[in-house]
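Everything below concerns the one structure shown next.
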Amino acid sequence: MNTKEIRKKKILVVGDIILDRFIYGDASRISPEAPVPVVKMEKEFFSPGGAANVAVNLASVGANVVLCGTLGDDYYGNFAIEEFEKKRISAKGIIKSEKVPTTIKTRIIARKQQLVRLDREKINETNPERFIPFLKKEIKETNAVIIADYGKGMITKKLLEFLIPLASKNGKIITVDPQTEHFFRYKNVTTLTPNHFEVAKALGIKTETDEEVKRAGFKILGKLNAKSLVITRGEKGMAVFKGKKVLNIPTVAKDVFDVTGAGDTVIAILTLSLSCGLNIFESAKIANRAAGIVVGKFGTAALSKKELTKCL
């Protein structure tokens, strides 16, 4: 996998689009109105989150990306599209909704400590028929499809029943960052990248030890008929499954400042590596290194071309 090869790849990201807002300041006193810290606001910025952050990770290393999802027909929706275009992400698969506002997660941070998170969202299942004409046309021109499910209503049973067979029929790589609610609906995909908490919740079992994760992984492969599986385990790295083989990859993170968006980096780089012809074990090793870099950054972070070269 090299820069020239990456530029030729086109990845379709389908999922819940989120706008992450970060407010940084200093807290040196307690409010006289309530026993809470007073934060003196110093800076504020927005960053693409959810499926949009997956797209940013792909675009930042040079891949061609098309984002498919919904935004509110509001100020923040327009602002988000402008940001996507600045980052060379195609927004032609985005539909604006008058019923649902743009999802925003606001994090207030003082002295490198997150004090509170405010979520502005309204869960409303999207009608997949609105996206069918676009997906039928776009799927033929892509190398891989990423389903980024954050439980905000974009990924539904009906959409999965249409999208996965469509991608399979066209011989495309299909990767999934799953949501527990839909866990056993992601059948016949190339790979899934759940964390061990999501696996434990989906199966109703413990996934703390290597042996527990191993049993859970093979159980999921059997239930979903997936070609492979990557279970991320935080400071324990990740476990990769294919056929009867399992590979435990230790984490390479040296300094962990913020895990926000690390899973987005994993599925983005994993999918890109697969689309470049690497196998699941090679791809997972690269994705693991990439995640080790982004957790050393603050906020919703993405990998750069230089950092990807380091991973390779």
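Filtering region 30-49 down to residues that are aliphatic (A, V, I, L, M) and not in a strand (DSSP E or B), which residue is surrounded by the fewest Cβ atoms within 10 Å (Cβ to Cβ)?
The initial filter retains those residues of region 30-49 that are aliphatic (A, V, I, L, M), namely 30, 34, 36, 38-39, 41.
Imposing the further condition that a residue be not in a strand (DSSP E or B) reduces the set to 34, 36.
Working: ALA34: 6, VAL36: 11.
Within region 30-49, the match that is surrounded by the fewest Cβ atoms within 10 Å (Cβ to Cβ) is ALA34.
Could you please give the count of residues in region 1-20 that are surrounded by 20 or more Cβ atoms within 10 Å (Cβ to Cβ) and assigned to a strand (DSSP E or B)?
Matching residues across region 1-20 total 9.
How many residues, within region 50-80, are in a helix (DSSP H, G or I) and either surrounded by fewer than 19 Cβ atoms within 10 Å (Cβ to Cβ) or modelled with pLDDT under 90 (or both)?
4
Determine the pairs where a residue that is at positive phi, located within region 218-238, has a partner that is of a type in the set (D, E, K, R) and surrounded by fewer than 15 Cβ atoms within 10 Å (Cβ to Cβ) with Cβ atoms under 7 Å apart, the partner being 6 or more residues away or on another chain.
ASN225/LYS187
So PHE257 fits all but one of (1) assigned to a loop (DSSP other than H, G, I, E, B); (2) modelled with pLDDT of 90 or more; what number is the exception?
Status for PHE257: all satisfied but (2).
Checking PHE162 against (1) closer than 19 Å to LYS9 by Cβ; (2) touching a residue at least 24 places away in the same chain (Cβ under 8 Å); (3) more than 20 Å from the chain's Cα centre (by Cα): exactly one of these is not met. Which one?
The number of the failed condition is (1).
Which of the following residues is of a type outside the set (D, E, K, R), crowded, with 21+ Cβ neighbours inside 10 Å and either closer than 19 Å to ASP149 by Cα or at pLDDT 95 or above (or both): ALA262, ALA200, ALA290, ALA216? Explain how you work it out, then say what you get.
Details: ALA200 fails: crowded, with 21+ Cβ neighbours inside 10 Å; ALA290 fails: either closer than 19 Å to ASP149 by Cα or at pLDDT 95 or above (or both); ALA216 fails: either closer than 19 Å to ASP149 by Cα or at pLDDT 95 or above (or both).
Step by step, each of ALA262, ALA200, ALA290, ALA216 is checked, and only ALA262 is of a type outside the set (D, E, K, R), crowded, with 21+ Cβ neighbours inside 10 Å and either closer than 19 Å to ASP149 by Cα or at pLDDT 95 or above (or both).
Are any residues in region 91-138 in contact with a Lys or Arg (Cβ under 8 Å, 6 or more places away or on another chain), at pLDDT 90 or above, of a type in the set (A, V, I, L, M, F, W, C) and buried (at least 18 other Cβ atoms within 10 Å of the Cβ), and if so, which ones?
Of everything in region 91-138, those that are in contact with a Lys or Arg (Cβ under 8 Å, 6 or more places away or on another chain), at pLDDT 90 or above, of a type in the set (A, V, I, L, M, F, W, C) and buried (at least 18 other Cβ atoms within 10 Å of the Cβ) turn out to be ILE104, ILE108.
Could you check, for region 75-87, whether at least one of its residues is among the small types (Gly, Ala, Ser), in contact (Cβ under 8 Å) with a residue 60 or more places away in the chain and out of contact with any strand residue (DSSP E or B) (no Cβ under 8 Å at 6 or more places or on another chain)? Please lay out each step first, then the result.
First, pick out the residues of region 75-87 that are among the small types (Gly, Ala, Ser): 77, 80.
With the extra rule that they be in contact (Cβ under 8 Å) with a residue 60 or more places away in the chain, the set shrinks to 80.
From what is left, the residues that are out of contact with any strand residue (DSSP E or B) (no Cβ under 8 Å at 6 or more places or on another chain) are none.
Among the residues of region 75-87, not one is among the small types (Gly, Ala, Ser), in contact (Cβ under 8 Å) with a residue 60 or more places away in the chain and out of contact with any strand residue (DSSP E or B) (no Cβ under 8 Å at 6 or more places or on another chain), which makes the answer no.
Among LEU166, LEU224, which is the only one that is closer than 22 Å to LEU135 by Cβ, surrounded by 18 or more Cβ atoms within 10 Å (Cβ to Cβ) and out of contact with any Pro (no Cβ under 9 Å at 6 or more places or on another chain)? Full working, then the answer.
Working: LEU166 fails: surrounded by 18 or more Cβ atoms within 10 Å (Cβ to Cβ).
Answer to the check: LEU224.
Which numbered condition trips up LYS245, out of (1) without any contact (Cβ under 8 Å) to a residue 40 or more places away in the chain; (2) surrounded by 15 or more Cβ atoms within 10 Å (Cβ to Cβ)?
(2)
Read through the list (1) within 20 Å of MET1 (Cα to Cα); (2) assigned to a helix (DSSP H, G or I); (3) at pLDDT 85 or above; (4) not aromatic (Phe, Trp, Tyr), then give the number of the only condition that GLY277 fails.
(2)
The values are calculated or read from the model by the stated rules, or taken from the named source; none is laboratory data. Please read all numbers here as calculations on a predicted model, not as lab measurements. Here Cβ is always computed from backbone atoms with ideal geometry, including for glycine, and neighbour counts include all displayed protein chains.
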